[in-house]
Structure formats: structure tokens, C-alpha cells
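S.K.: Handing you a structure now.
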Amino acid sequence: MKETLLKMKEEALAALAAPDADLEALRIRYLGKKGELTAVLRGMGKLSAEERPVIGQIANEVREAIENELTARAQQQKTAALAARLAAEKLDVTVPGTVPEIGHIHPLDRVQRDMEEIFIGMGFDIVEGPEVEYDYYNFQALNIPPDHPARDTQDTFYITDNILLRSQTSPVQARTMEKRKPPIRIISPGRVYRSDAMDATHSPLFHQMEGLVVDKNVTMGDLKGTLEMFAKKMFGEETKVRFRPHHFPFTEPSAEVDVSCFACGGKGCRLCKGEGWIEILGAGMVHPNVLRMCGIDPDEYSGFAFGMGVERVTMLKYHIDDIRHLYENDVRFLSQF
Ligand code: PHE
């Protein structure tokens, strides 16, 4: 019996030593109510009175040894499991994170938003108009009757005889004056279309920003002050503005407006082609015929209007030498802005 007990102890301790030993199963197997130790002890009744305490003590030692080993192994397994989990979940917080690639505002949008901000700061509202437009608003209401030669300068995409893709943002002037009573102070940015072949400075689709102010006693001085303020905010405080006489059918008098070159300050450089000045927009006092056609009395009210190309301003500002860069959306180009 003693041998059986000692052998059992040896076997149990060997089984417990296995790294992935199932401790609970081994406990039941050796120490459980129907376990091996209990089975051996049941035979104790057959022992003599002298043998009984001796075997009883051995049995207790065996039980204690197995119990102690069970406890020790349980602790070891717990420690090992924790260590394994910590190793698996280990995180090096000093490794630099992956920075998600962030997109950019397209340079055309950037410039258009800058323009809008400046005019909003001067009390202008933003108004939009349709890109598919009636000939009436694109031309006739702007003092350009059907046989007017000015139509030739704007190679227009016609959809039907009287519907076209607007060739300028000026039709928004006429639409606004028809709907609103003065005082009117609006800008209107948007796409315009002309059937030009694509080259470094032309595109069949481009963007303009129109401006219109109508009120009592609006003068050319107001136009000049407004554009001077815009130019300083857009191109820098040192910027000067110059008006050159020009002709537009819907304004009288009309002017082409230059700003002093913001690259060289007016001395003459590559950007201004040695001129010191750069043309950026067309402007003038709203023609009385236009006011009248839109239901505004030219004896009571006067107004000024201006229009500029968003691409042109963008190209000048960022020294872009080919308009096509603005439409190709090459990420290497766009990520520079
Ligand atoms: N619509 C004109 C153009 O496209 C620009 C302009 C707008 C001129 C308003 C004067 C007044 O060339």
C-alpha cells in the first residue's frame, strides 16, 4: 500500500509538471471523491492497527504534496498566462503613428473663397445663376442685341436658338436686378463657357466672378474704392489700381482694371512682362439701358459692375504658367498648395 501511495505521488507530480497540465482534471483524478487516493484509502480497513497510522500519515503526506504542487502550478500557470498576454498586447507607444493623407483645397477654390471673403467683408451677398442660360439674359438684357458685334468676342455654345451655356457671369446681374429692389450689392462666382480651343491660357470652361452694386448716387469713385480695397486685400497692402478706358456694351463708361505687379512692386519683371501692371478685370458703370430693361429707373439709381476671371487671378497669384494644370488634377501639382 505504501508503494502504491508513493508511486501515485510520483505519477501525480510528473503529470502536474507538464507545462500545459490540466490542473483541475488532475485534482479530480487524484484527490477527488472518486479519485485514486480515496480508492487507496478505502483499503485501509483491512490494515492492522499498527499499520494504519503509518499508512495514514503517508497518505496525508501524499495528499499534501499533491495539493501543494497543485497550488504552486496554478500560480505558475497564471503568471505564465499573464506574461503571454502582456507580450501579445505589447504596444510601443513611441513608434510614430501613421499620418492619414489629408486632401487640399483646389487652388481655384482657394482663390474663389478668398475673393468671396473679401467682398462679404464689404457687405456683398453671394448670388448664383444658371449655367444653362437664355440668350436674353446672357446678351439682350445686357444691351447686346442679336446682331451686336460683341457677340463675336464670346464664342458661345448654343443649345437652341435662344438657350446657351452662359459665356459670362453678367447674366446674374440682369436676373438680380429684375428680382430685387436697390440697394443691391452682390457678387456672383461661377462657371462660364466659351468655344475656345484648349491651350496654355484658354479653356472652354472657366470661372468668373461678377460684382454688381446698384443704389442712389453710386459713382465711379465707389467702383474705384471698392476695387482698390479688393486689390489690397487680395494682392497685398502696397497694391495700386489703374483704370484704362475700354468698352463693354453693358457698362458706360467702361474700364479695364490693372493692379500694380505684386511680384516686383511695379518695377517690371517676368510676371508683368516688364509692364509693372497686370490686367485683372473689366468694370464700369451699369449702362442706363441695362437698368431700364431690368425695371430700374436710371434717373433714380446708378450702379457699377465688374467681372474677373478666377483662373487668371489664380495663375497670377501662384505663378502657374499653364491653365491646364488647374484641370488635370495631378496630385503632385495640387499638393503644392
Ligand atoms: N462680362 C465681362 C467679360 O466677360 C466682364 C465685365 C463684367 C465687364 C462686368 C464689365 C462689367 O469680359
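S.K.: Roughly what % of DSSP beta bridges within the chain run antiparallel, to the nearest 5? Display every interim value, and only then the final one.
M.R.: Numbers: 42 of 44 bridges.
Within the chain, antiparallel bridges account for around 95 percent of the total.
S.K.: For segment 1-140, give the percent of accessible area contributed by carbon and sulfur heavy atoms, probe 1.4 Å, rounded to a whole number. Kindly include the intermediate steps, with their values, before the conclusion.
M.R.: On the way: 5320 of 9590 Å².
So the carbon and sulfur contribution to the accessible surface is 55 percent.
S.K.: Then there's this: Report the per residue volume, in Å³, of the convex hull enclosing the C-alpha atoms of segment 95-244.
M.R.: Working: hull volume 30.1 nm³, N = 150.
Enclosed volume per residue, from the Cα hull, is 200 Å³.
S.K.: Enumerate the amide H contacts of residue 240 below 5 Å, restricted to partners 5 or more residues apart or on another chain; note that Pro and chain-start residues carry no placed amide H.
M.R.: 260
S.K.: Would you mind giving the average projected area, over all directions, of the Cα convex hull of the chain in nm² with one decimal?
M.R.: Working: hull surface 132.2 nm².
Over all viewing directions, the chain projects a mean Cα-hull area of 33.1 nm².
S.K.: On to the next question. Compute the helix-to-body angle for 107-121: its Cα long axis versus the longest principal axis of the chain, expressed 0 to 90° and rounded to tens.
M.R.: That helix lies at roughly 70 degrees to the long axis.
S.K.: With angles folded into 0 to 90 degrees, how steeply does helix 51-88 sit against the dominant principal axis of the chain? Use alpha carbons for both and round to 10.
M.R.: Relative to the chain, helix 51-88 is tipped by roughly 10 degrees.
S.K.: Counting heavy atoms of the protein chains only and a 1.4 Å probe, report the per residue accessible area for segment 57-203 as a whole number of Å². Spell out each step's value before the answer.
M.R.: On the way: 8830 Å² over 147 residues.
Accessible surface, normalised per residue, equals 60 Å².
S.K.: How high is the relative contact order of segment 2-88, in percent, counting Cα pairs under 8 Å that sit 6 or more residues apart? List each step's numbers first, then the result.
M.R.: Values: 48 pairs, mean separation 30.9, N = 87.
Computed value for segment 2-88: 36 percent relative contact order.
S.K.: Given H placed 1.01 Å from N in the peptide plane, which residues other than close sequence neighbours of residue 247 have an amide H under 5 Å from its amide H?
M.R.: none
S.K.: Continuing with this model, one more query. Count the net charge of all other residues whose Cβ sits under 15 Å from the Cβ of residue 132, scoring Lys and Arg as +1 and Asp and Glu as -1.
M.R.: Numbers: positive: 166, 175, 191, 194; negative: 128, 131, 133, 135, 161.
Net of charged neighbours comes to -1.
S.K.: Using alpha carbons only, what's the Rg to Rh ratio of segment 36-144 with Rh from Kirkwood?
M.R.: 1.83
S.K.: Using amide H atoms built in the peptide plane, which far-off residues or other-chain residues are under 5 Å from residue 207 H to H?
M.R.: 192, 310, 311
S.K.: Given the -39500 (n - 2.57) contribution per DSSP H run of 4+ residues, what per-residue ellipticity at 222 nm results for the chain, rounded to the nearest 500 deg cm²/dmol?
M.R.: -12500 deg cm²/dmol
S.K.: Could you list, by residue number, the cysteines of the chain that have no other cysteine's beta carbon within less than 4.7 Å of their beta carbon?
M.R.: For the chain, the answer is 294, because their Cβ atoms have no other cysteine Cβ under 4.7 Å.
S.K.: Shifting gears a bit: Can you tell me, using C-alpha contacts under 8 Å and at least 6 residues apart, the relative contact order of segment 181-337 as a whole percent?
M.R.: Values: 285 pairs, mean separation 38.7, N = 157.
For segment 181-337, the relative contact order is 25 percent.
S.K.: Summarise the accessible area of segment 207-336 (1.4 Å probe, protein heavy atoms) by the percent that is carbon and sulfur. If you can, show how the numbers build up before the last one.
M.R.: Details: 3040 of 6270 Å².
Carbon plus sulfur share of accessible area: 48 percent.
S.K.: With all pairs of different alpha carbon atoms counted, what Kirkwood hydrodynamic radius in Å does segment 81-177 show?
M.R.: Details: mean 1/r = 0.0539 Å⁻¹.
Here the Kirkwood hydrodynamic radius works out to 18.6 Å.
The values are calculated or read from the model by the stated rules, or taken from the named source; none is laboratory data. Nothing here was measured: the structure is a model prediction, and the numbers come from that model. We place every Cβ from the backbone using ideal geometry, glycine too, and count neighbours over all the protein chains shown. Remember, those area values only see protein heavy atoms, side chains included, never the ligands or the DNA or RNA. Shrake-Rupley method; radii C 1.70, N 1.55, O 1.52, S 1.80 Å.
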